[in-house]
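Taken together, the values in this text are just the output of simple stated rules run on the coordinates, not laboratory data. Nothing here was measured: the structure is a model prediction, and the numbers come from that model. All Cβ positions, glycine included, derive from the backbone under ideal geometry; neighbour counts span all protein chains shown.
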Amino acid sequence: QLRGRVGRGRARGIAYLLTDPAAKVAAATRKRLETLVALDRLGAGFALSARDLDLRGAGDLFGEDQAGHAKLVGLDLYRHLLSRAVRVARGEAVPEEWTPQVNAGEGAIPAAYVPEPELRLNLYARLARLAGDEVEALRDELEDRFGPLPEEAARLLALADLRRRCRELSIARLDSGPRGVAVTFRDGPPAGIEPPASDALAWKGERLVLAREDDDLLAGAAAMLDLLEG
């Protein structure tokens, strides 16, 4: 770590590592110091890393003892990010990730329902990437593990399903209110989507608006997507 932070650019850097003459140096510490002495040539960083791997072991990336990013963001999200990074490194095509903005009320996973904060965070990460019929699969999993869904969690799953449907229709934003629903497409209406003729549907600038009086914001949003999918 120290060697990587001295001697940047054209300037040659020198690091002095000092030990207390009165203290006994542990065997493992002496091995590391001997490695630094032996590997003093330019570009020795990789050899140092390999030697450090031999001395300390590879660790357990997805184990309980792992610290850092894997624990911070949750294993499921970490695997997802790691998989994307590997595909990029291999030169493979990686699909663009984007999340539609859906304004149709709010939902949550109550702490009383899932007490562990890390587990709740992991569930939120999974919800953000759901596709196809995975919403229903996650609903079944939650009910099996934690019992019947509370109202807040049911709304959260419904919102996740709306976002999934919006992605499939290339809708960047959906706004649902008590007097209507409006959608904004990412790059204009995509090919293959022809909104059905209806007196309640109208274009207002770049937004397609469905006039509908209903206090159930989720139902209104679903009704708009039903029209577009039909």
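Per-residue packing, averaged as other Cβ atoms within 10 Å, sorts the ranges 220-227, 117-124, 81-88 into the order 220-227, 117-124, 81-88, beginning with the highest. Once the Cβ-Cβ distance of Glu206 and Ser83 is raised to the sixth power relative to R0 = 30 Å, the FRET efficiency obtained is 0.30.
Sorted on the mean count of surrounding Cβ atoms within 10 Å across their residues, most packed first, peptides 103-112, 136-145 read 103-112, 136-145. Take the Cα of Arg41, step 7 Å toward its Cβ, do the same at Arg129, and the gap between the two points is 4.2 nm.
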